[in-house]
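The structure appears right after this line, and notes come after that.
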Amino acid sequence: MHIVVCTKHTPDSEAKMSVDASGKVSWGGSPLIINPWDEYAVEEALRLREAHGGKVTVISMGPPEAVEALKHAIAMGCDEAIRIWEDACVDSDTLATSYVLAKAIEKMGDVDLVLFGKSAIDSQTWQVGVAVARRLGLPALMYVIKIAALDPVQRTITVERLLEEGRQVVSAPLPAVVGTTKGINEPRYTSFMGIRKAARMEYPVWSLAQIGAEANKVGVAGSGVRWPHIFMPPVREGEAEIIQGETVEATVSLLVDKLLAEKVI
Amino acid sequence: MGNDIFVWVEQFRGQPVSVSYEAIGLARRLADAWGGRVTACLFGEEGIAPLAQEAISYGADRVLLAEDDTLADFRLEPQVALLAQAVREADPAVVLIGATFRGRELGPALAVELDTGCVADCTALDLEGEQLVATRPIYAGKLMCKCLVPERRPQIFTTRVRAFPKPEPDTTRRGEVVRVQPVLGEGDIAVKVTDFLEAIGGVSLADAAVIVAGGRGVGGPEGFAPLRELAQVLGAALGASRAAVDAGWIPYEHQVGQTGKTVSPDLYIACGISGAIQHQAGMRTSKVIVAINKDPEAPIFKLAHYGIVGDLFKVVPALTAALRARLG
């Protein structure tokens, strides 16, 4: 089995985000980390390798800082890491990003399974995984909370995926693209040996020419969506109106009055 | 390119998904502003035809209706193939899709198919001059972003659940229903649905008007019992904080927050939830927030509109009893 995990780097989920007058986004002193959702994809890949053998390659389209995400995945136990980047990739939307990732996966040639986290905690589009699947012409199995069966000989996969009304159980042939979600596993911590390996590892960078990508399909030229303006949301002023009656019964009765007046019950 | 707007109408076993009608309402307002038609795309199993008239009553001028067993149990491949073909034929300016699990698959898949842009999870969509500008939350709502699809067509937007008002249906509205055939046969579809496991327990979080949620203060799995009773009286969905889910007290499907679901109900009652920034990210757009917590310093009181400082095991049952008495 050759399993590829696609990842990206994001500010820490605890980061205090801000935007300056020129529209530049800042995350204060917070570190750049692997997108937290991607840890579930890495963990699932490692478990599948432990069960079926093979190797796990982690890839990212991103600038030099993206190596932080790759390092974390290697420290968790992935075998190889590849970063894909050229300055032309700056400001790629999901259409362009999915093109680059699909081209890199095509170049590898022997991939059985491509794993994604459910979305990135920064841009939160939920789009790249499904878009890569469509570009590769592979089944897109998204929001997967359980890989119920995987048969590398028959080359089939069966998963349970989340929908609003419950879990849909679906089967598809390999290769396939799987989008993982929280609940599928409990991601492992990085090990001492893993961190040492990650620190010593070489992180090759593939250029657009190396993956056979056309420059006019990446970056701004290859994107459909632009995002000219990022701003802070309006903050709610003040604090809760604390409701306090003589007794618990009196207190809840006052609350019910308020909720009826608000017409929300 | 025309001025028309396409809306993909989502249904589950013949039950329409509310966000689709919210999107038709939005499409109607835009179409009226620039003089275009609204086409609803309704693709599903045999028996969904009655929803066509319903889509018209919410504001569609025309419905493309496909009834075929290959379109039962949402699968991406046949849905996107048919939607892409319909869009290529009619050349609409805009496609709107509800940002549900299914819609979040369909939007970007359609964008790849048509080599265009898809803006995810819009909470507002405004006409600025000739250009549609979407607003969407990023970084878990810590920041907002204006997005647009300046050149490519159609412009695809997925609309966040409950972000746009659902119009009042007008059953006297008349429209055209056009039958269309699926593009893919069963043999062309790689993914097979083998089973469906129903969600346990009542109202779905995503489109609930009222949510009762519990956190660390609930203390254990049995601590959710009084919350369930309150939810039942209110017809509410049951939510939970990450702390309660990670402790194994309640399944992940109930989690609200940055690593769970984003919800926007009319009323959110947070019980024993301290209100970490990650939890707030999932519920801060709720219309009215009530916090019940014994710690008066809990951050949730900074976000909530109404607060009760006290023991949730006393307050919640009293509230349930009061509502039962008052609402009948």
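Looking at the stretch A:82-98, which of the residues that are of a type in the set (Asp, Glu) and assigned to a loop (DSSP other than H, G, I, E, B) is farthest from the other protein chains (Cβ to nearest Cβ)? Talk me through it step by step, then tell me what you get.
Taking the stretch A:82-98 and keeping what is of a type in the set (Asp, Glu), we get A:86-87, A:91, A:93.
Of the ones still in play, those that are also assigned to a loop (DSSP other than H, G, I, E, B) are A:86, A:91, A:93.
Values: A:Glu86: 21, A:Asp91: 12, A:Asp93: 6 Å.
So, considering only residues that are of a type in the set (Asp, Glu) and assigned to a loop (DSSP other than H, G, I, E, B), the one farthest from the other protein chains (Cβ to nearest Cβ) is A:Glu86.
With the requirement that a residue be surrounded by fewer than 12 Cβ atoms within 10 Å (Cβ to Cβ), hydrophobic (A, V, I, L, M, F, W, C) and either under 24 Å from the mean Cα position of the chain (by Cα) or within 7 Å of chain B (Cβ to nearest Cβ) (or both), what does the stretch A:223-255 give you? Scanning the stretch A:223-255 gives a single hit, A:Met232.
Within the stretch A:29-61, being without any contact (Cβ under 8 Å) to a residue 40 or more places away in the chain and either in contact with a strand residue (DSSP E or B) (Cβ under 7 Å, 6 or more places away or on another chain) or among the acidic types (Asp, Glu) (or both) holds for A:Ser30, A:Leu32, A:Ile33, A:Ile34, A:Glu50. Of all residues in the stretch B:104-138, those being under 16 Å from A:Pro228 (Cα atoms) and either touching a residue at least 60 places away in the same chain (Cβ under 8 Å) or under 19 Å from the mean Cα position of the chain (by Cα) (or both) number 13.
For (1) crowded, with 23+ Cβ neighbours inside 10 Å; (2) over 15 Å from B:Leu205 (Cβ atoms); (3) in contact (Cβ under 8 Å) with a residue 12 or more places away in the chain, each residue gets a yes or a no:
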{"position": "B:Ala237", "(1), (2), (3)": "yes, no, yes"}
{"position": "B:Ala247", "(1), (2), (3)": "no, yes, yes"}
{"position": "B:Ala291", "(1), (2), (3)": "yes, yes, yes"}
{"position": "B:Glu297", "(1), (2), (3)": "no, yes, no"}
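A Cβ distance below 9 Å, combined with a sequence gap of six or more or placement on separate chains, defines the contacts here; from the stretch B:302-315, residues that are within 7 Å of chain A (Cβ to nearest Cβ) reach residues that are among the aromatic types (Phe, Trp, Tyr) and buried (at least 24 other Cβ atoms within 10 Å of the Cβ) in the pairs B:Ala304/B:Tyr268.
Restricting the stretch A:93-118 to residues that are buried (at least 23 other Cβ atoms within 10 Å of the Cβ) and small (Gly, Ala, Ser) leaves a set whose member that is nearest to A:Ser30 (Cα to Cα) is A:Gly117.
Do we have A:Val132 as within 7 Å of another protein chain (Cβ to nearest Cβ) and within 30 Å of B:Val17 (Cα to Cα) here? For A:Val132, the condition - within 7 Å of another protein chain (Cβ to nearest Cβ) and within 30 Å of B:Val17 (Cα to Cα) - is not met.
Counting only strands (runs of 3 or more DSSP E) that sit wholly inside the stretch B:93-194, those with at least 1 residues that are surrounded by fewer than 17 Cβ atoms within 10 Å (Cβ to Cβ), in the same structural domain as B:Ile48 (by TED's automatic domain parsing) and touching a strand residue (DSSP E or B) at 6+ places or on another chain (Cβ under 8 Å) are B:124-128, B:131-138, B:176-179. When each of B:Asp61, B:Asp115, B:Asp69 is tested for being closer than 22 Å to B:Leu197 by Cα and acidic (Asp, Glu), the lone residue that passes is B:Asp69.
The values are calculated or read from the model by the stated rules, or taken from the named source; none is laboratory data. Treat the numbers as computed from the prediction; the structure is a model and nothing was measured. Glycine gets a Cβ as well: all are built from the backbone with ideal geometry, and neighbour counts include every protein chain shown.
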